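S.K.: Take a look at this one; I'll ask things after.
The values are calculated or read from the model by the stated rules, or taken from the named source; none is laboratory data. Quick caveat, the model's predicted, so the values are computed rather than measured. Please note: Cβ atoms are built from the backbone with ideal geometry, for glycine as well, and neighbour counts cover all protein chains shown.
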Amino acid sequence: MAYAYDDQNIFAKILRGEIPNDTVLETEHTLAFRDIQPKAPVHVLVIPRGAYVNADHFANTASDAELADFQRVIGRICTGEGLCPDGEGGAGYRLISNAGTHGVQEVPHYHVHILGGRNMGRMVDSD
């Protein structure tokens, strides 16, 4: 399957340094930063540095190093932000990744939202 990556999307511009961000953590393969319109007390976006459109694109084509680094960054952020349910005071978190039209993906660069710091409610209301 061919994925059309738009290198003018906002996350591509952030990665190129054209738009500032509030960096939480950066590694060779991953950048994490605070969302400018947070939906929870903790709202961090995690993006790969590579040009990946969505989760399946990333999972099917990223290198093992990119895949491992991305997951480790998520773990480090959850720990560092005190969200881990097994951690001191952590009550949990939610990971969200939207893909395509039905997933209501707004930025065509793969990203995961880490949300926490309050009860997030039920995941999806049935329609």
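S.K.: Looking at the stretch 61-93 only, could you name the residues that are basic (K, R) and loosely packed, with under 15 Cβ neighbours inside 10 Å? Full working, then the answer.
M.R.: The initial filter retains those residues of the stretch 61-93 that are basic (K, R), namely 72, 76.
Across the stretch 61-93, the qualifying residue is only R72.
S.K.: May I ask you to say which residue of G82, G75 is in a loop (DSSP other than H, G, I, E, B), out of contact with any strand residue (DSSP E or B) (no Cβ under 7 Å at 6 or more places or on another chain) and not acidic (D, E)?
M.R.: Criteria check complete, one pass: G82.
S.K.: Moving on to the next point. Among the residues of the stretch 5-19 satisfying the criterion of being assigned to a loop (DSSP other than H, G, I, E, B) and touching a residue at least 60 places away in the same chain (Cβ under 8 Å), which is nearest to the chain's Cα centre (by Cα)?
M.R.: N9
S.K.: Can you find a residue that is modelled with pLDDT of 95 or more and touching a Phe, Trp or Tyr at 6+ places or on another chain (Cβ under 6 Å) anywhere in the stretch 64-81?
M.R.: yes
S.K.: What pairs come up if the first residue lies in the stretch 20-40 and is touching a residue at least 60 places away in the same chain (Cβ under 8 Å), the second is acidic (D, E) and assigned to a loop (DSSP other than H, G, I, E, B), and their beta carbons are under 9 Å apart, counting only those six or more places apart or on different chains?
M.R.: So the pair list comes out as D35/D22.
S.K.: Is at least one residue of the stretch 105-112 of a type in the set (D, E, K, R), in a strand (DSSP E or B) and either farther than 29 Å from Q8 by Cα or within 14 Å of the chain's Cα centre (by Cα) (or both)?
M.R.: For the stretch 105-112, residues of a type in the set (D, E, K, R), in a strand (DSSP E or B) and either farther than 29 Å from Q8 by Cα or within 14 Å of the chain's Cα centre (by Cα) (or both): absent.
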